[in-house]
Every structure is written in structure tokens, then in C-alpha cells.
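One structure below.
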Amino acid sequence: FKMCPGRVICKLLCSGEKEVDLAVQSAKAAFKIWSQMSGMERSRVLLEAARIIREQREEIATLETINNGKSVFEARVDIDISWQCLEYYAGLAGSLAGEHIQLPGGSFGYTRREPLGVCVGIGAWNYPFQIACWKSAPALACGNAMVFKPSPFTPVSVVRLAEIFTEAGVPKGLFNVVQGGVATGQFLCHHPDVAKISFTGSVPTGIKIMEMAAKGIKPITLELGGKSPLIIFSDCALENAVNGALMANFLSQGEVCCNGTRVFVERKILDAFTKEVVKRTQKIKVGDPLLEDTRMGALINRPHLDRVQGFIKQAKDQGAQVLCGGDLYVPDDPKLKNGYYMRPCVLGNCTDDMTCVKEEIFGPVMSILPFDTEEEVVERANNTKFGLAGGVFTRDIQKAHRVVAALKAGMCFINNYNISPVELPFGGYKASGFGRENGRAAIEYYSQLKTVCVEMGDVESVF
């Protein structure tokens with residue numbers, strides 16, 4: 001493998017209506033086999049897939065780096081989370097059960113947790129392999145089949161996941177991959193044999209998917225954008241808070257939906273915090289993502305790089321101060337000269353009404369905003385259409401719990417940020433979507449409950 005930013009690495013054909021139908025019909029046939037298997041049987045297959053991913057960690061991480069542009073250091077973490085996700089749901093597969101309810105006169109009722117059928121997963125380009133695992137692991141554990149469409153910007157690594165599932169022993173066609181953009185997604189959402197849609201991506205696309213799903217009354221999970229607040233109180237451990245702010249803004253070149261990009265800092269420590277954040281940000285190694293010491297690779301493509309640069313220019317025009325970074329970066333290696341690199345940016349002198357503070361940039365841009373009181377910062381933190389995540393740094397644990405309880409966000413962090421344990425549910429409030437991925441909560445979104453009422457005596461008719 002070689003890193004060649006700005007060059008074509010492969011060409012794929014977009015799946016049209018015929019190919020989408022073939023994929024769905026194939027998944028439908030596989031579903032009949034898979035859904036009749038016991039949870040323990042499904043568990044063994046998922047564990048085998050997890051084992052293969054774990055053993056091929058280095059190869060898959062390298063593939064993901066070329067696919068996406070993030071550092072191989074980060075890609076390895078993505079692959080680890082992926083196999084852990086499969087292991088976690090393998091563990092749950094054998095425990096899925098309903099309940100028995102005693103009724104009067106010896107009668108009783110019971111519930112069955114049943115799979116939905118063919119589920120559609122539509123992934124984003126920032127965590128291609130990991131998102132595919134987050135969606136497929138609970139879907140398959142519950143007995144469903146899945147047709148997955150990766151982003152056309154990152155089509156490669158999910159194909160490897162499909163191969164791994166096949167090697168692990170899933171029925172042929174149980175996890176199918178289709179390639180393409182908007183049209184392919186529309187064919188999937190409108191297909192009459194699709195039972196559920198799970199989408200990760202932008203709010204505008206999420207709205208369109210919700211509209212399409214409504215016509216078929218299909219359940220959906222939407223994991224959309226964010227403009228999350230990170231609140232730094234003066235009683236924090238400063239070095240820890242700085243580490244948290246870097247983690248909340250610069251992972252995967254800042255292309256992370258739950259990033260804490262609105263960094264609210266208590267005025268007492270504003271100067272000290274800002275000085276340290278700028279110093280640390282300037283030390284972040286940008287460049288060839290396949291090198292071990294690189295911590296920030298290339299953005300996904302030229303239009304997105306231009307978009308991020310436009311946000312920075314607009315921020316300056318509106319009065320924000322660029323404290324560091326924000327400029328394009330050209331690595332010394334000539335083969336990387338056409339790459340989509342930029343230096344991570346910290347913006348000071350920000351106010352809540354600036355575009356850079358209100359809109360999701362989805363790039364390595366941190367906005368720092370001072371605050372004075374807890375009540376004030378909670379109100380400002382919640383003053384957004386988004387509600388994906390939020391974070392608090394403080395030594396006062398009572399205050400920490402009080403603040404996260406007041407935050408209108410689905411995923412909150414106390415004295416850390418952007419960690420993604422597969423055991424914990426992940427999802428948003430408000431325009432950031434609904435439904436949950438990971439944890440036991442995801443089982444609710446990939447299964448349906450059937451109630452059975454059994455009469456042990458004679459039926460008493462009212463007629």
C-alpha cells in the first residue's frame with residue numbers, strides 16, 4: 001500500500017435499481033436461514049468475524065487509512081472498536097429473550113423479540129469500517145440481514161468487512177454491499193422489501209431519508225450532525241482539560257460528528273487554557289497518515305477542504321482571531337504535495353452568534369468562548385439546534401453531574417471526551433437524530449416485540 005493523496009486508487013460502479021434489488025433479494029433469502037438459527041449459533045459466527053478482524057488489524061487499518069486519510073494510529077483504534085463491537089453483540093445474541101406474564105385463571109401471556117428482516121445501513125465517510133460494524137453487529141445479532149451502502153468517498157474498506165462476514169460463516173448474501181451516491185440510497189430507502197433504515201451523516205440528508213422512510217412506514221435510526229459544547233470550569237485539572245479539548249476537536253482531522261467544537265472556558269482560566277491549547281495544537285504532527293508519528297492526516301477531499309477554509313475566512317471576517325493554524329499544509333514528501341492537508345486551527349475572540357460557533361464545520365477548527373457562571377454556560381451550551389454530545393471538565397463531581405443533567409445532548413462526557421465504548425448507547429437529541437447505536441439499547445432498534453395472549457379457560461363472549 002502507498003499513500004497517494006489526490007490520486008484515484010480504484011474505480012467502482014454505482015449500483016442501480018437492478019443491482020439494489022438483487023442485493024435486497026439476496027439478503028432476503030439469507031434472512032430466512034439466519035433468522036431461524038439460535039442466538040448461540042449466530043454468536044459463534046460473529047465471534048469468528050471478530051477474530052478475523054482482530055488478526056488482520058494492521059492490514060485493515062492500513063486499508064482504512066488509504067480509504068479515508070486519517071492517521072494509521074487512529075485507524076487501528078477504529079478497527080479495535082470494530083471487533084469489540086462484534087464481540088459485544090455476539091455476547092448478547094444468545095441472551096435475547098421475551099418475558100412470561102401470568103394472567104388470571106391460569107391464563108398467561110408472553111412476548112417474543114423477533115428480527116425485522118432486511119435492514120439497510122447507510123454509512124458516513126469519517127469512520128467507514130467502524131460505522132459498518134456499529135450497524136451490522138446488532139442487526140445480525142438480532143437475526144436480521146443487512147444491505148450496506150458506504151459513502152462514495154470511502155467505498156473500499158466495507159467490502160473487506162463483507163468478505164470477512166462470509167469467511168466467518170454467515171449465509172451467502174446476509175451482509176451485502178452496494179456502491180453509489182444519492183440515487184443508490186433512494187433505491188434502498190424506497191425498496192418494498194427493506195424493513196428498516198439506519199443512517200449516519202448530515203442533517204439535510206437525514207431529513208430526506210426520513211421522508212422516504214415515512215412513505216413505507218419504515219423504522220429508522222438517524223445519527224446526524226452536531227455542534228457540541230465542551231465546558232471547562234476553572235476548578236478543572238488544566239492539563240487534563242487541554243488534552244480533552246484536543247481530543248474533542250482534532251481526532252480524524254476534526255471530521256467527527258460529536259466533536260466538542262464550542263469550547264466554553266471559565267474566564268478565570270481563559271488565558272492559561274488558551275495559551276496551553278495553542279502550544280499543544282501547534283505541535284500536532286500533520287502529514288503522511290501511514291507514518292507512525294503522524295497524528296493528523298488529510299481531509300476527505302478538495303471540496304471539503306475548501307469548505308473548511310471558507311468557514312475560517314468567514315470567522316475572521318466576523319471578528320474571530322486565528323490563534324494558530326488554519327492554513328494549508330504541504331508536506332515535504334513530493335508524493336503528498338496534492339494532498340488535502342491543513343494545520344489544525346484554534347479560534348479566539350469568538351461569540352455565540354458567529355457562523356463558526358453556530359454551524360458544523362466538520363474540520364480541525366476549535367472555537368474558544370469565555371463564560372462567567374454555571375447557569376450562563378448551560379443556557380448558552382443548549383442554545384443550538386443540535387444535541388449530539390457535550391462535555392464537562394471540573395474537579396467538583398456534583399457540579400459535573402448537575403451540568404450534564406442539564407445539557408440537552410444524547411452523549412455526555414465528564415473529564416474525558418470522544419471515547420466510544422461499545423457497551424454504551426450513542427445517539428443524539430433534537431436535530432442530531434434519534435435512535436441509538438451500541439449498548440443494549442441498539443437491540444430495541446433492530447428487533448420488534450410480539451405479544452402472545454394464551455387463554456387457558458373458556459372464552460367469555462359479550463355477544
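The value of relative contact order for segment 229-414, using C-alpha pairs under 8 Å at least six residues apart, is 28 percent.
Per-residue surface analysis assigns Met296 an accessible area of about 0 Å², computed on protein heavy atoms at 1.4 Å probe radius.
In the chain, the DSSP beta bridges split such that about 35 percent are antiparallel, to the nearest 5. Spin-label model, Arg112/Asp80: points 7 Å from Cα along the beta carbon direction are separated by 4.2 nm. The residues packed around Phe31, meaning those with a beta-carbon under 13 Å from its beta-carbon, carry a net charge of +3 if Lys and Arg are +1 and Asp and Glu are -1.
The heavy atoms of Glu360 offer some 40 square angstrom of accessible surface to a 1.4 angstrom probe. Assuming R0 = 41 Å, can you tell me the calculated FRET efficiency for the pair Glu211 and Glu455, based on Cβ-Cβ distance, to the nearest 0.05? Result of the calculation: an efficiency of 0.45.
Note on Glu359 and Asp333: their simple-model spin labels are 3.3 nm apart, each label 7 Å out from Cα toward Cβ. Our coupling estimate for segment 341-349, obtained by passing each phi through the Karplus curve with A = 6.51, B = -1.76, C = 1.60 and θ = phi - 60°, is 9, 8, 7, x, 10, 10, 9, x, 6 Hz, Gly and Pro reported as x. Amide H contacts of Leu347 (H built 1.01 Å from N, in plane; Pro and chain starts excluded): Leu323, Met366, Ser367, Ile368 sit under 5 Å, all sequence-distant by 5 or more or on other chains. In sequence order, segment 351-362 has phi-based couplings of 10, 4, 8, 6, 4, 5, 9, 8, 9, 6, 7, 6 Hz under the Karplus curve 6.51 cos²θ - 1.76 cosθ + 1.60, θ = phi - 60°, and Gly or Pro positions carry x. So what does log10 I(q)/I(0) come out to for segment 2-225 at q = 0.09, 0.12, 0.14, 0.15 Å⁻¹, using the Debye formula with one equal point on every Cα and no solvent? Results for segment 2-225 at q = 0.09, 0.12, 0.14, 0.15 Å⁻¹ read -0.37, -0.64, -0.85, -0.97. Across segment 49-63, rounded Karplus estimates of 3J(HN,Hα) from the backbone phi angles (6.51 cos²θ - 1.76 cosθ + 1.60, θ = phi - 60°) give 4, 4, 5, 5, 4, 4, 5, 9, 3, 5, 5, 5, 4, 5, 4 Hz, Gly and Pro being marked x. Share of carbon and sulfur in the accessible area of segment 229-414 stands at 49%, probe radius 1.4 Å.
What does the charge count around Gly319 come to, taking other residues whose C-beta lies under 13 Å from its C-beta (Lys +1, Arg +1, Asp -1, Glu -1)?
Surrounding charge for Gly319 is -1.
Multiplying each eigenvalue of the alpha-carbon gyration tensor of segment 229-414 by 5 and taking the square root yields semi-axes of 28, 17, 15 Å, largest first, rounded to whole angstroms. Quick check for you: which residues of segment 335-365 have the amide N under 13 Å from the point 7 Å beyond the Cα of Arg7 toward its beta carbon? Residues 335-339 fall inside that zone. At q = 0.06, 0.07, 0.12 Å⁻¹ the log10 of I(q)/I(0) for the chain amounts to -0.28, -0.38, -1.04, computed by Debye summation with a single uniform scatterer per C-alpha, solvent ignored. Scanning residues 5 or more positions from Phe148 or on other chains, those with amide H under 5 Å from its amide H are Gly121, Asn176, Val177, Val178, with H placed 1.01 Å from N in the peptide plane.
Remark: C-alpha extents of segment 388-441 on the principal axes read 31, 23, 16 Å, sorted largest to smallest. When shorter helices are ignored and each DSSP H run of at least 4 residues is given -39500 (n - 2.57), the per-residue value for the chain at 222 nm works out to -12500 deg cm²/dmol.
Separation of the alpha carbons by more than 28 angstrom is noted, of Lys135/Lys227; Lys196/Lys450; Lys313/Lys399; Lys275/Lys385, for Lys313/Lys399; Lys275/Lys385. What the Cβ-Cβ distance of Lys18 and Glu163 gives, at R0 = 30 Å and to the nearest 0.05, is a FRET efficiency of 0.85.
Rounded to the nearest 10 degrees, the angle from helix 397-406 to the longest Cα principal axis of the chain is 70 degrees. The spacing between segment 412-433 and segment 22-49, judged by their C-alpha centroids, is 29 Å.
On the beta carbon distance between Lys313 and Ala29, with R0 = 51 Å, the FRET formula returns roughly 0.45.
The values are calculated or read from the model by the stated rules, or taken from the named source; none is laboratory data. Keep in mind the model is a prediction, meaning the values are calculated, not measured. Here Cβ is always computed from backbone atoms with ideal geometry, including for glycine, and neighbour counts include all displayed protein chains. Just the protein is used for accessible areas: all its heavy atoms, side chains included, with ligands, DNA and RNA removed. Shrake-Rupley method; radii C 1.70, N 1.55, O 1.52, S 1.80 Å.
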